[in-house]
Amino acid sequence: MRAIFLDKDGTLVDDLPYNAEPRRITLCSGAGAALRLLARLDYRFFIISNQDGIAHGYFGEDAMDCIERRLADLLFREQLMLDGFYYCPHHPAGKVAPYAVACTCRKPMPGLLQRAAREHDIDLRASWMVGDILHDVEAGNRAGCRTLLIDKGKETEWQLGPYRIPTRIAADLYAAAVMIVRHDEERQ
């Protein structure tokens with residue numbers, strides 16, 4: 001199986017910091033068309049998201065079920081299916097004790113992608129991690145994926161390194177999908 005791993009906030013959905021209200025979650029412009037284009041190439045879709053609002057006490061982990069249902073519903077309306085929703089509730093500086101830890105699932109670490117790959121038999125080398133900051137790129141590169149940075153000006157830590165260089169850079173999710181299609185066509 002080939003996957004498109006998507007960062008949630010700012011990549012798939014409009015970025016509203018620490019939003020846990022499902023009704024306020026909306027797809028980014030062009031996201032449905034972008035994912036339909038990739039679905040034709042038999043990619044499966046997985047959300048990979050840091051949700052440290054849980055560790056900071058802004059909302060409980062139970063909010064994630066409602067958010068996952070909302071995302072699945074938004075994609076269903078676009079005639080798409082969400083194949084997995086993975087999130088990291090941790091942050092080392094969190095205020096909620098069980099979640100105030102360093103972990104291997106918080107991007108830029110690759111733990112969530114590796115877990116999804118194990119659970120769904122995903123070929124990481126044939127998959128892509130798409131996100132709007134270099135932590136997303138680093139997580140994807142560490143997992144062995146190809147990576148695509150959606151440069152919306154959200155990156156605040158332009159610290160390049162061996163894992164922080166994306167395979168491609170795009171302006172939005174639709175442009176990213178077109179690049180992935182072209183990349184696949186060049187490989188055939």
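From Arg40, Arg69, which residue is farther than 22 Å from Leu134 by Cβ, open to solvent by 60 Å² or more (accessible area, probe 1.4 Å) and without any contact (Cβ under 8 Å) to a residue 12 or more places away in the chain? Arg40 is the lone residue from the list that is farther than 22 Å from Leu134 by Cβ, open to solvent by 60 Å² or more (accessible area, probe 1.4 Å) and without any contact (Cβ under 8 Å) to a residue 12 or more places away in the chain.
In the list Gly144, Gly140, Gly131, Gly161, which residue meets the criterion of being open to solvent by less than 60 Å² (accessible area, probe 1.4 Å), under 21 Å from Leu113 (Cα atoms) and either aromatic (Phe, Trp, Tyr) or more than 16 Å from the chain's Cα centre (by Cα) (or both)?
Numbers: Gly144 fails: either aromatic (Phe, Trp, Tyr) or more than 16 Å from the chain's Cα centre (by Cα) (or both); Gly140 fails: either aromatic (Phe, Trp, Tyr) or more than 16 Å from the chain's Cα centre (by Cα) (or both); Gly131 fails: either aromatic (Phe, Trp, Tyr) or more than 16 Å from the chain's Cα centre (by Cα) (or both).
Sole residue among the options that is open to solvent by less than 60 Å² (accessible area, probe 1.4 Å), under 21 Å from Leu113 (Cα atoms) and either aromatic (Phe, Trp, Tyr) or more than 16 Å from the chain's Cα centre (by Cα) (or both): Gly161.
Does the stretch 93-125 hold any residues that are in contact with a Lys or Arg (Cβ under 7 Å, 6 or more places away or on another chain) and in contact (Cβ under 8 Å) with a residue 60 or more places away in the chain, and which are they? Passing the criteria: only Asp123.
Looking only at the stretch 11-58, count every residue that is aromatic (Phe, Trp, Tyr) and in contact with a Phe, Trp or Tyr (Cβ under 7 Å, 6 or more places away or on another chain) and tell me the total.
We begin by selecting, within the stretch 11-58, every residue aromatic (Phe, Trp, Tyr); these are 18, 43, 45-46, 58.
When the remaining residues are screened for being in contact with a Phe, Trp or Tyr (Cβ under 7 Å, 6 or more places away or on another chain), the result is 18, 46, 58.
Final tally of qualifying residues: 3.
From the list Ala33, Ala20, which residue is modelled with pLDDT under 95 and aliphatic (A, V, I, L, M)?
Numbers: Ala33 fails: modelled with pLDDT under 95.
Sole residue among the options that is modelled with pLDDT under 95 and aliphatic (A, V, I, L, M): Ala20.
Among the residues examined, Leu80 does not qualify as open to solvent by less than 50 Å² (accessible area, probe 1.4 Å) and assigned to a helix (DSSP H, G or I). Can you say whether Asp15 is open to solvent by 20 Å² or more (accessible area, probe 1.4 Å), at pLDDT 95 or above and either of a type outside the set (Gly, Ala, Ser) or in contact with a strand residue (DSSP E or B) (Cβ under 6 Å, 6 or more places away or on another chain) (or both), as far as the supplied structure shows? So Asp15 fails the test. Could you tell me whether Gln114 is out of contact with any Phe, Trp or Tyr (no Cβ under 8 Å at 6 or more places or on another chain), in a helix (DSSP H, G or I), surrounded by fewer than 22 Cβ atoms within 10 Å (Cβ to Cβ) and not aromatic (Phe, Trp, Tyr)? For Gln114, the condition - out of contact with any Phe, Trp or Tyr (no Cβ under 8 Å at 6 or more places or on another chain), in a helix (DSSP H, G or I), surrounded by fewer than 22 Cβ atoms within 10 Å (Cβ to Cβ) and not aromatic (Phe, Trp, Tyr) - is met. Could we say that Phe59 is assigned to a loop (DSSP other than H, G, I, E, B), open to solvent by less than 40 Å² (accessible area, probe 1.4 Å) and among the aromatic types (Phe, Trp, Tyr) here? For Phe59, the condition - assigned to a loop (DSSP other than H, G, I, E, B), open to solvent by less than 40 Å² (accessible area, probe 1.4 Å) and among the aromatic types (Phe, Trp, Tyr) - is met.
Taken together, Met179, Met109 contain a single residue that is open to solvent by 30 Å² or more (accessible area, probe 1.4 Å) and assigned to a helix (DSSP H, G or I), which is Met179.
The values are calculated or read from the model by the stated rules, or taken from the named source; none is laboratory data. Quantities reported herein were computed from a predicted structural model and do not represent experimental measurements. All Cβ positions, glycine included, derive from the backbone under ideal geometry; neighbour counts span all protein chains shown. In case anyone asks, the SASA skips ligands and DNA or RNA and just uses the protein heavy atoms, side chains included. Shrake-Rupley method; radii C 1.70, N 1.55, O 1.52, S 1.80 Å.
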